[in-house]
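The values are calculated or read from the model by the stated rules, or taken from the named source; none is laboratory data. For clarity, every value in this text was computed on a predicted model and none was experimentally measured. Virtual Cβ from ideal backbone geometry, glycine too; neighbours counted across all protein chains shown. We work out accessible area using only protein heavy atoms, side chains counted, and drop any ligands, DNA or RNA first. Shrake-Rupley method; radii C 1.70, N 1.55, O 1.52, S 1.80 Å.
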Amino acid sequence: MLGYLTKRLASAVPVIIGVTLLVFLMLHMVPGDPAEQMLGEMAVDKTAVANLRQQMGLNDPLAVQYGHFLGNILHGNLGTSMLAHRSVMDMIGKVLPSTFYLTLAGLGVAIVLGTLLGIAAAVRQNTWLDTSSMVLALLGVSMPSFWLGLLLVFTFSLRLGWFPATGSGGWERMVMPAFTLGFGAAAVIARLVRASMLEILRLDFIRVARAKGLSEHRVIYRHALKNALIPVLTMVGLEFGRLLGGTVVIETVFARPGIGRLIVDSILKKDFQVVQGAVLLSAVFYVAINLLVDMSYALIDPRIRYQ
Amino acid sequence: MRRRIVGSLLTAAVALSVTACGGGNSTGDSAQGASGAPQQGGKLIVGMQYEPVTLDPHVTGQANGIRIILNMCDSLVYADDKGQVQPWLAESWEANPEGTAYTFHLKKDVKFSDGTPFNAQAVKFSWDRIMDPKTASQSAISALRPYKESQVVDDSTLKVTLSEPSAIWLKNLGAATTAPVSPAAVQKLGDQFGRSPVCVGPFKLKEWKEKESVTLVRNPDYNSPSPAFGQKGAPVLDEVTWKFIPENQVRFSTLETGETNAIEDVPAPFVANVKADPQKYTLLNVPYPGSPRQYMINTKQFPTDDIAVRQAILYGVNTKAIIKTLYADAFPDGNGPMGAATWGASKGIFRELYPQGADKANAVLDQAGWKPGPGGIRVKDGKRLEIVVNVMSDVPEYGELGQLLQAQLRDVGMDLKLKSLSRSPWYASNAKGDYNITGMGLWSTDPDMLKSLYRTDGSVFTWSHFTNPDYDKLVDEGARTSDPTKRLEIYKQAQEIVMKEALVLPIYDQVNLLATQSNIKGIFFDANAYPHFYATYYVKK
Amino acid sequence: MAQPEPAPDSLWRQAVRRLQRNPGAMLGLVILAVLVLAALLAPAIAPFDPIKQNATDAMQGPSLKHWLGADQFGRDILSRLLFGARISLRIGLVSVGIAASIGILLGLLAGFYGGWLDMLISRFIDLLLAFPGILLALVIVTVIGPSLFNVMVAVGISAVPNYARLVRGTVLAARENVYVEAAEAIGARDRTILVKHILPNVLGPVIVLSTLGIAGAILSGAALSFLGLGAQPPTPEWGAVLSDGRNYLRQAWWISTFPGLAIMVTVLSVNLLGDGLRDALDPRMKL
């Protein structure tokens, strides 16, 4: 067990190093000069460009720059925003919790919605309920999320006045963003729950339970569901990443603070240092979550290690 | 998204700020009158599209930052509605005859909102801070130039030396970007000063929630409003909050639900919604001083080096139709080289000289030897009448405007090629001049902008690439002259040259559109058309 | 996937028969066929030029002249959607093509040759997988600039790891099988083993993944358009048409509603077909 954990932990190291390299190179692959991009119209002033290049350390050889970059990261320093004159780490630290909660809430919505639809489909296999549950689940993944978000604002905020449209804090500001985010991921879970429920309902111990005269309700919710949810858990890490990426759009629509919105805003403002830092931290965060999820499975169910 | 685009451009313009500053006076809603009794206290929540990067007045280069800053930072002077400089934190001043040395007498018994006394040392500290390269000032530094140094004579007297005379320097001090800041707070907060700036002002910062909102709270000790505000003492409102809501549709929805009480930069499609319900909403539209939203026409590149082609563009483009299509008639027709609300603008000069009409465009082109050719595109000496339009791809508005121009000018035999460039190549191409027309907009309270835009090497924005010694001499003289009557005469001539030479195609005059709930009164707009909430109050229903 | 070698034809035929019995998949297939046909015939059947503006018709609601209404430029929405179908479907197909071809190649190399090559490729795949969701595509577009082609490249590259991982896994599983060992034993060349024995096993999951990938790519293209980093105007990419119209939701609901529905119906159909294909090929497929 310990061996597996160390190996899994060690495998994340080259990935993280690769991510830093890729994120570092990003700045240098931007067409034209990064300093000129940031200065916009002021780039005509060649001294300003030279100063900014100096400030950003762009005149050093690439390897040296990457060395500085890595060294800074090891000290928890993701650089300074050239526009805000602030530590990028500070900017990210302020918004990361909000994104984390939104992603968790979205995951919750996806699991609840997906499980319910999956069960409904499985227990009434090949009926209209089966088909309509699965189509409903697919609807979420078929609508552009910004469109779904706008329609929700229109309906539940503007027309019905149930929820505030923007901002963070309090469950009522979480409902619409979490639903928009989670609805898109519910289909995968519904499909998985349906398939594994179908499989399990055919298994011996369920038949035994039924034969013992347990109510159908009890059979499904006590026995079958518990087992059907195991494959869902294996998806959590992957889905978490998808939802984390999805916040880029959702946070913009609902004007929520978050790392996704920070990235989009910084791309539009050409504040590349912030883009670099935020993308890097999102990736590290995601890798860490996956690592945790994997390790906890390995502890719960040793068979998973071999997959 | 539409206003953002303009916004980002204007940000650029403010950054130039050789001209883009000033402070002053023009009330927006005094005309509507106050009905109902003012209510003491209350909170105002304003929906703004984008979060500013910093609230440090000396660092910022963004209009949205300045809009918040000016509610907590008083300036030394302000410009009134006649373009005249009036005293604010400076009670009076004297200048030497050469205009290179000023002595300011400051208001006494004024404190920064952290309690630090406001005095000559603080002003010197602030201005030296702006000039310090380490501050990396994006806008304040160009407003303060040609500031060289200052000497503290006593607590309330400051002597300032300029490195060269300037007719607009004093006026530029009206910009909130040059406002004095608390030296104690700067020393204490260091890098974090931009997150919680401390100035002399009616409000002070309470909280900045990253990527969400900025909240200012009433400064109970405030005692230094400018006379233009028409009110004394601390502000009426307890708090003002700006919420940052990028999506237009959502930002407008929050006004309808009451999540916000006012929204800045009302997107054009929503203007009709606001106007349709005067019981619920008030629309304040205050023209921004400066250039219209416009296209600069390159005089050095074929075929727009031919004045006939430039004039035909001005005749041929139906600006009214563009404003209707893209902006729901929310903006007035482009006035000329300067928007109609700018001090010194020659009213209606564009359409006076170039009444819109395809027939007139065709006549000019016919006369100049551009004959109809294959596909309806005109030809002269075997060359097609192709016009290259620089389109900044980061900014959808450019694309939309470009498409409309393309459709309209095809009718007079021009073939517009839209050249899509991302931000930095777009600026590079504009500077190099390998295009025919390119779009821009500039905010400025002073006609000195005519120098920035059309003088040989006037600034980085001289995208007509116009060179004319007589014009250069004229605008140089304008910059040196301090007599307003003489300046008006000079800039009248300058505008005539710009229009007769057809250097620019004005599309619409830029307007600040602010929508509020109808029970909100007393919003004051300064010379830059920025709203101040110092005297704002709710009406008791 | 552990089916023994014989008679792959009959297996495929069985799959087709299973697919035909799946009403959802068939519905998806029919809708998609209609869409593809409409896209191909767009120049012939679209009533108007999708780009040319017509000020007099601006913001007109659905009518006999403009079945789905006209936008703020007076452009016919139906025509824009018909031409847009070509673009949005192309985004789906091209980016899946990019993703599948690179991904399959990497997966085959890694799975078949193993060793340091596998190491290298697997780490590369892990690296791409470290960027959550649409973030990788976002970063790529930021670097190479927004345009229709760049969107396809970005969305394509960000989907590469899905294919590479899938194919690598399948190849590894197939290699374990007796018939590959037997083929190796009789001295079959690498390429023969790859093409004859391993590719057929990979094909099923790749088809399913690609189908679902088309849906994802269309949505990613739309999301990038929303963020202002996608296809540039006046390109009638569906996501761009939807984004452009969203400011007019109150005054002219048709400008954004119809492109939204077009995306939804298309992606739903592709998903239904993809689900059906999975069930028909192998219900236990873990995709």
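Of note:
- Across all directions, the average projected area of the convex hull around the alpha carbons of the range A:2-74 is 5.8 nm².
- Per-residue surface analysis assigns C:Phe48 an accessible area of about 70 Å², computed on protein heavy atoms at 1.4 Å probe radius.
- Distance histogram for the protein assembly as shown (every C-alpha pair counted, 20 angstrom bins, percent rounded to whole numbers): 11, 39, 34, 14, 3, 0
- Per-residue mean of C-beta atoms belonging to partner chains within 10 Å, peptide B:235-247: 3
- Overall, the accessible surface of the range A:2-74 at a probe of 1.4 angstrom is composed of carbon and sulfur to the extent of 69 percent.
- Accessible carbon and sulfur surface of the range B:293-509 relative to its total accessible area, %, 1.4 Å: 52
- When the P(r) of the range B:293-509 is calculated, the portion above 28 Å amounts to 26% of the C-alpha pairs.
- Set of lysines near B:Lys188 by C-alpha distance (under 19 Å), chain-local residues within fewer than 8 positions excluded: B:Lys111, B:Lys124, B:Lys134, B:Lys204, B:Lys206
- Averaging 1/r over each pair of different alpha-carbon atoms in chain C and inverting the result gives 20.7 Å, the Kirkwood hydrodynamic radius.
- Here C:Val30 and C:Ile207 are evaluated by their C-beta separation; at R0 = 25 Å the FRET efficiency comes out at 0.85.
- Taking chain C and dividing mean pair separation by its residue count, relative contact order in percent (alpha carbons under 8 Å, at least six apart): 26
- Eigenvalues of the alpha-carbon gyration tensor of chain B, scaled by 5 and square-rooted, set the equivalent ellipsoid semi-axes at 41, 28, 19 angstrom, largest first.
- 222 nm mean residue ellipticity, helices alone, for the protein assembly as shown (DSSP H n ≥ 4; -39,500 (n - 2.57); rounded to 500): -16500 deg cm²/dmol
- Summed buried accessible area for B+A [probe radius 1.4 Å, Å², rounded to 100]: 3200
- In the range C:70-109, the residues whose accessible area drops by at least 50 square angstrom when the other protein chains are added to the isolated chain are C:Phe73; the probe is 1.4 Å and only protein heavy atoms count.
- Net charge, B:Pro197 excluded, C-beta distance under 11 Å - Lys, Arg +1, Asp, Glu -1: 0
- Difference of contour (0.36 nm per residue) and Cα-Cα distance, B:Ala234 to B:Asn468: 79.0 nm
- Heavy atoms of B:His465: accessible area, 1.4 Å probe, square angstrom to 10: 40
- Seen against the Cα atoms of chain C and their longest principal axis, helix C:77-113 is set at about 20 degrees.
- Between B:Gln151 and A:Leu116, the modelled label-to-label distance comes to 7.9 nm, taking each label 7 Å out from Cα in the direction of the beta carbon.
- When chains C and B come together, the accessible area they lose, probed at 1.4 Å and totalled over both chains, is close to 1700 Å².
- For B:Pro292, net neighbour charge (Lys/Arg +1, Asp/Glu -1) across residues whose Cβ lies under 10 Å away: -1
- For q = 0.13, 0.20 Å⁻¹, Debye-computed log10 I/I(0) when each Cα of the range A:112-204 counts as one equal scatterer: -0.52, -0.90
- 10 Å Cβ neighbours from other chains, averaged over peptide B:207-216: 5
- The Cβ shell under 12 Å around B:Gly174 holds other residues with a net charge of -3, Lys and Arg each +1, Asp and Glu each -1.
- Only beta bridges with both residues in the protein assembly as shown are counted; by DSSP, about 80 percent of them are antiparallel.
- Alpha carbon centroid spacing (whole Å) that separates the range B:53-123 from the range C:202-248: 51
- Convex hull projection area averaged over all views, the range A:148-307, Cα basis, nm²: 12.9
- Cα principal axis extents for the range C:236-287, largest first, Å: 48, 15, 14
- FRET efficiency, 1/(1 + (r/R0)^6) with R0 35 Å, evaluated for B:Lys432 and B:Lys383 via beta carbons: 0.95
- Whole-percent carbon and sulfur share, accessible surface of the range A:84-136, 1.4 Å: 73
- Solvent exposure of the protein assembly as shown as accessible area per residue, Å², 1.4 Å probe: 38
- Taking every C-alpha pair closer than 8 Å and separated by at least 6 residues, the mean separation divided by the residue count of chain B gives a relative contact order of 22 percent.
- Cα gyration tensor shape of the range B:438-494, rounded if a/c is under 1.5, else prolate or oblate by comparing a/b with b/c: oblate
- Tilt relative to chain B, helix B:248-257 - C-alpha long axis, 0 to 90 degrees, to 10: 50
- In summary, the range B:276-369 shows an alpha-carbon radius of gyration equal to 1.32 times the 2.2 N^0.38 Å reference for compact globular proteins.
- Solvent-accessible ranking of A:Tyr297, B:Tyr398, largest area first, probe 1.4 Å: A:Tyr297, B:Tyr398
- For C:Glu176, the accessible area of its heavy atoms, probed at 1.4 Å with every protein chain present, is near 140 square angstrom.
- Interface residues in the range C:130-147 - accessible area drops by 10 Å² or more relative to the isolated chain, probe 1.4 Å: C:Ala130, C:Phe131, C:Pro132, C:Gly133, C:Ile134, C:Leu135, C:Leu138, C:Val139, C:Thr142, C:Val143, C:Pro146
- Between chain A and chain C, the total buried accessible area stands at approximately 3700 Å², from heavy atoms with a 1.4 Å probe.
- Per-residue shielding of A:247-257, expressed as the average number of other chain Cβ atoms within 10 Å of the residue Cβ, stands at 6.
- Convex hull volume per residue in cubic angstrom - Cα atoms of the range C:126-184: 99
- The H on the amide N of B:Val391, modeled in the peptide plane, is under 5 Å from the matching H of B:Lys419, B:Ser420, B:Leu421, each at least 5 residues off or on a different chain.
- Cα-derived Rg over Rh, computed across chain A with Rh taken as Kirkwood radius: 1.07
- For the pair B:Phe302 and B:Ala363, a Förster radius of 22 Å applied to the C-beta separation gives a FRET efficiency near 0.55, rounded to the nearest 0.05.
- Per-residue extension of 0.36 nm, minus the Cα-Cα distance of B:Lys486 and B:Lys206, leaves a gain of 96.1 nm for this segment.
- In order along the range B:344-361, the phi-based Karplus estimate (6.51 cos²θ - 1.76 cosθ + 1.60, θ = phi - 60°) of 3J(HN,Hα) comes to x, 6, 7, 5, x, 5, 4, 6, 4, 7, 10, x, 5, x, 5, 4, 5, 4 Hz; Gly and Pro are listed as x.
- Shape category assigned to the range B:449-526 from the gyration tensor of Cα positions, a/c cut at 1.5: prolate
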